[in-house]
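Here's the structure, in structure tokens; my notes come after.
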Amino acid sequence: MTMDHTVESKGYDNSYFGDQPLNRVSFLREDETFLQLAFEHSKTQYIPFFQGEALVDSSKGKLYRVNELEEGSSPLMNLIKNTVCNHDLIKANNPHQSHVHLIFLGLDNATSEDKEFIYKDKYSGTPIFAINFIDKDTTQYIKSESIVQLTFQNVFNTLVSNTEASLYSHANMYVQWCTKFKRCVECGEEIQFVHGGSKWICSKIDCPLANPRQHRNNAAFPRTDPVVITAITNKDWSKCCLARSKRSIGKGIIMYSTVAGFMEPGETIESSCQREVWEETGIDVKTEDIIIVKSQPWPYPQNLMIGCVATVDFNGQNETIDLNHDPELLDAQWFDTKDLRDALDTYESGFFLPLKLDNAKYSLDPEITVQVPGKNAIAFDLIKHVVKKFKESL
């Protein structure tokens, strides 16, 4: 019996970075026998990181994975094999002493039709690990010019599919989390990573964190920071408020987008949206007029973007824009949704989507071209949602 949990990429039906190409079998991370067998299997694949950056095969547009059967005795494979032989994945380990962090990510059902790795006759696929060499660079291990390190500047142009981008996001979030923690936040002792690198514990047995009476323990799991991102519209969907940040996007790029901000402790998603919309734009929206549309993992560094749409009841006051609360924005405008519709109807690809506007109507410099985020960003999906509802209302 086998279980296939692979989710195929369907273009941008899933948010970018939001595909799930692996069966994470998270419940098996505590199973030492499973981890050992996955660790030692000949078809196991590794996603190498050097100093926190993954690699991409630019000739294929795919995240660079290596395994023993394909790489043989290449310098990189020799490094990985030597590391694996001396690495104790099963017991607690300290990557800040070993200078390497090994993380079990899951089982990939798409890489092997014969599914030679099978555990308990139920769980099959190719074991996938991320491995981060904290203090090494690629110089002596990567000889091909087509293998380059991924950065925020090139990830969207070099990875050809959402599935590849999502696998990168999955691995990158664990790697970045690991590099941030070296010592226990309570007692200052060194920490150790357990359960396939998916959580850390304090190395001090009597750490004050380990106090069950106070419902405390000395373990910590990967951090994900929730961010609410909101498209603001009116009751008939004919208007959409987009904002321009004071932060520089890039030379010559004038981008308007949806409103976003981190959730705070004790907030619901709806109350966080309400607060962020009012703080940044001065627009007054009721929590009952906020809907959750979709979400997106965002690996810079470890965010979960929660995409919402807020509908404003225009009454001469609610919709008034006031940028004098939080000084984060340079401008905010109520754009006609039909202007956004016209741009989306002709859009195919690109990191930004230019708008063809009558700049005078919006009191904008006639020389600028306003752009909104393209398909890689959840802001695009939210704007697309407003446009879709506007079309349906006609």
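Write down the percent of antiparallel bridges among all DSSP beta bridges whose residues are both part of the stretch 46-145, to the nearest 5.
Roughly 75 percent of the DSSP beta bridges within the stretch 46-145 come out antiparallel.
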Give the value in nm², to one decimal: projected area of the alpha carbon convex hull of the stretch 21-133, averaged over all directions. 7.4
Just going by the charge dipole of the stretch 158-267, with Lys and Arg at +1 and Asp and Glu at -1 on Cβ, which of 252, 193, 224 is farthest out on the positive end? 252
Under a 1.4 angstrom probe, counting protein chains only, how are 30, 53 ranked by accessible area, largest first? 30, 53
Note down the magnitude of the dipole of the stretch 39-155 about its Cα centre, charges +1 on Lys and Arg C-beta and -1 on Asp and Glu C-beta and zero elsewhere, to the nearest 20 debye. 160
Protein chains only, probe 1.4 Å: how do 41, 99 rank by accessible area, largest first? 99, 41
Excluding ligands, DNA and RNA, what is the solvent-accessible area per residue of the chain at a probe of 1.4 Å, expressed in Å²? 49
Which entries of 235/389; 338/388; 60/199; 251/294; 294/384 have Cα-Cα distances beyond 22 Å here? 60/199; 251/294
Tell me the angle of helix 378-393 to the major Cα principal axis of the chain, expressed in degrees between 0 and 90 and rounded to the nearest ten. 40
Inter-label distance for residue 121 and residue 392, nm, one decimal - labels placed 7 Å from Cα along Cα-to-Cβ: 4.8
Using 1/(1 + (r/R0)^6) with R0 = 56 angstrom and r between the beta carbons of residue 278 and residue 99, what's the FRET efficiency to the nearest 0.05? 0.75
If we sort 247-253, 365-371 on the protection proxy, mean other Cβ atoms within 10 Å, highest first, what's the order? 365-371, 247-253
Roughly how many debye, to the nearest 20, is the charge dipole of the chain about its Cα centre, given +1 on each Lys and Arg Cβ, -1 on each Asp and Glu Cβ, and no other charges? 460
HN-Hα J in Hz across the stretch 25-33 - Karplus 6.51, -1.76, 1.60, θ = phi - 60°, x for Gly and Pro: 5, 4, 5, 8, 5, 8, 8, 5, 5
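Trypsin sites (Lys or Arg not before Pro), restricted to the stretch 34-95: which are DSSP loop and have at most 16 other Cβ atoms within 10 Å?
Passing both the DSSP loop test and the Cβ count: 60, 91.
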If each of residue 186 and residue 71 carries a label point 7 Å out from its Cα toward its Cβ, how far apart are those two points in nm? 3.8
For residue 16 the rounded accessible area (nearest 10 Å², probe 1.4 Å, non-protein molecules ignored) is 10
If you take the charge dipole of the stretch 37-171 about its Cα centre, with +1 on Lys and Arg Cβ and -1 on Asp and Glu Cβ, which of 94, 118, 154 is farthest toward its positive end? 94
Taking 2.2 N^0.38 Å as the expected size of a compact globular protein, what ratio does the Cα radius of gyration of the chain give against it, to two decimals? 1.12
Fully extended contour minus Cα-Cα distance, from residue 36 to residue 51, at 0.36 nm per residue: 2.8 nm
For q = 0.13, 0.23, 0.24, 0.26 Å⁻¹, Debye-computed log10 I/I(0) when each Cα of the stretch 258-342 counts as one equal scatterer: -0.46, -1.30, -1.35, -1.41
Note, ³J(HN,Hα) from phi for the stretch 281-290, Karplus 6.51, -1.76, 1.60, rounded to Hz, x at Gly and Pro: 10, x, 6, 9, 10, 8, 4, 6, 9, 10
Treating only the Cβ of Lys, Arg, Asp and Glu as charged (+1, +1, -1, -1), what charge dipole size does the stretch 163-262 show about its Cα centre? Round to the nearest 20 debye. 420
Whole-Å distance, taken between Cα centres, linking the stretch 50-69 and the stretch 287-320: 35
Quote the FRET efficiency, to the nearest 0.05, computed for residue 317 versus residue 236 with a Förster distance R0 of 30 Å and r equal to the Cβ-Cβ distance. 0.95
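How big is the stretch 145-190 by the Kirkwood estimate over distinct Cα pairs, in Å?
Roughly 12.8 Å, rounded to one decimal.
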Report the FRET efficiency, 1/(1 + (r/R0)^6), for residue 346 and residue 292, where r is their Cβ-Cβ distance and R0 is 30 Å, rounded to 0.05. 0.55
Under the rule of -39500 (n - 2.57) per DSSP H run of 4 or more residues, summed and divided by the residues of the chain, what mean residue ellipticity at 222 nm is obtained, to the nearest 500 deg cm²/dmol? -6500 deg cm²/dmol
Taking a straight Cα-to-Cα line shorter than 23 Å from residue 246, and setting aside same-chain lysines fewer than 8 residues away, one finds 356, 361, 375
So how exposed is residue 120, as accessible area in Å² (1.4 Å probe, rounded to 10)? 130
Using a 7 Å offset from the Cα along the Cα-to-Cβ direction at both residue 153 and residue 368, what is the distance between the two label points in nm, to one decimal? 2.4
Listed residue (362, 350, 321) projecting farthest to the positive dipole end of the stretch 249-394, Cβ model: 350
For residue 321, solvent-accessible area (1.4 Å; no DNA, RNA or ligand), Å²: 50
When a/c is below 1.5 the answer is rounded, else prolate if a/b is larger than b/c, else oblate, so apply that to the stretch 195-343 with a ≥ b ≥ c taken from the square roots of the Cα gyration tensor eigenvalues. prolate
Report, for the chain, the % of DSSP beta bridges that are antiparallel, rounded to 5. 75
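Relative to the compact-globule scaling 2.2 N^0.38 Å, provide the ratio for the alpha-carbon radius of gyration of the stretch 295-344.
Ratio of Cα Rg to 2.2 N^0.38 Å: 1.54.
From largest accessible area down, sort 167, 394; use a 1.4 Å probe on the protein chains.
394, 167
The values are calculated or read from the model by the stated rules, or taken from the named source; none is laboratory data. The structure displayed is predicted, hence computed values, not measured ones. Positions of Cβ are generated from backbone atoms using ideal geometry, with glycine treated the same way; all protein chains shown enter the neighbour counts. Heads up: the accessible areas ignore ligands, DNA and RNA and are worked out on the full protein's heavy atoms, side chains in. Shrake-Rupley method; radii C 1.70, N 1.55, O 1.52, S 1.80 Å.
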